[in-house]
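So the structure is just underneath, and the comments pick up after that.
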Amino acid sequence: QAASLGHPAAKAFVLENAEGNQKKKDEMRIINLYKASADMGSKIAMTLLGQCYETGLGTKEDPKEAVNWFIKSAERGEPVGMFKLGIAYHKGKG
């Protein structure tokens, strides 16, 4: 329902769960939608954007950028962002 109302993170979730040949094309849109949502202040989108950079979903892998987004989400109290940041620090990536 949120996707139909235009919420960027919800649209990205729908795209992320697509299947078939469309999925690769949608991955490029996902990162843009997460970025739009993060720019609107969504701490969950910040974590998801960090995961995109961490894994290379829709972009090339960039551990430094991933950590930057995990920091932003963790500073806002997002638990998964805090966890991902801790793991990155533990692995020496932050």
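Exactly one condition in (1) modelled with pLDDT under 90; (2) loosely packed, with under 15 Cβ neighbours inside 10 Å is not met by LYS60; state its number.
Failed condition: (1).
Checking ALA36 against (1) among the small types (Gly, Ala, Ser); (2) open to solvent by 90 Å² or more (accessible area, probe 1.4 Å); (3) modelled with pLDDT of 75 or more: exactly one of these is not met. Which one?
(2)
Name the residues in the range 80-94 that are part of a helix (DSSP H, G or I) and over 22 Å from LEU33 (Cβ atoms), would you?
Taking the range 80-94 as the starting set, the residues that turn out to be part of a helix (DSSP H, G or I) are 80-90.
Passing the criteria: MET82, PHE83, LEU85, GLY86, ILE87, ALA88, TYR89, HIS90.
If a residue has to be at negative phi, out of contact with any Gly (no Cβ under 7 Å at 6 or more places or on another chain) and not β-branched (Val, Ile, Thr) to count, how many in the range 59-80 make the cut?
At the first step, the residues of the range 59-80 found to be at negative phi are 59-76, 78-80.
Cutting the leftovers down to out of contact with any Gly (no Cβ under 7 Å at 6 or more places or on another chain) gives us 59-65, 68, 71-72, 75-76, 78-80.
Remaining after also requiring not β-branched (Val, Ile, Thr): 60-65, 68, 72, 75-76, 78-79.
Adding up the residues that qualify gives 12.
For the range 39-57, how many residues meet the condition of being open to solvent by less than 20 Å² (accessible area, probe 1.4 Å) and among the β-branched types (Val, Ile, Thr)?
Of the residues in that region, 1 qualify.
Which of the residues belonging to the range 63-94 are of a type in the set (Gly, Ala, Ser) and surrounded by 15 or more Cβ atoms within 10 Å (Cβ to Cβ)? So that I can check it myself, show each step before the final result.
Residues of the range 63-94 that are of a type in the set (Gly, Ala, Ser), as a first pass: 66, 73-74, 77, 81, 86, 88, 92, 94.
Correct list: ALA66, SER73, ALA74, GLY81, ALA88, GLY94.
Of the conditions (1) modelled with pLDDT under 95; (2) polar (S, T, N, Q); (3) open to solvent by less than 40 Å² (accessible area, probe 1.4 Å), GLN22 satisfies every one except a single condition; which number is it?
(3)
The values are calculated or read from the model by the stated rules, or taken from the named source; none is laboratory data. Just so it is clear, the structure is predicted and the values come from calculations on it, not from any experiment. So basically every Cβ, Gly included, is an ideal-geometry build from the backbone, and we count neighbours across all protein chains shown. Note: areas computed on protein heavy atoms with side chains; ligands, DNA, RNA excluded. Shrake-Rupley method; radii C 1.70, N 1.55, O 1.52, S 1.80 Å.
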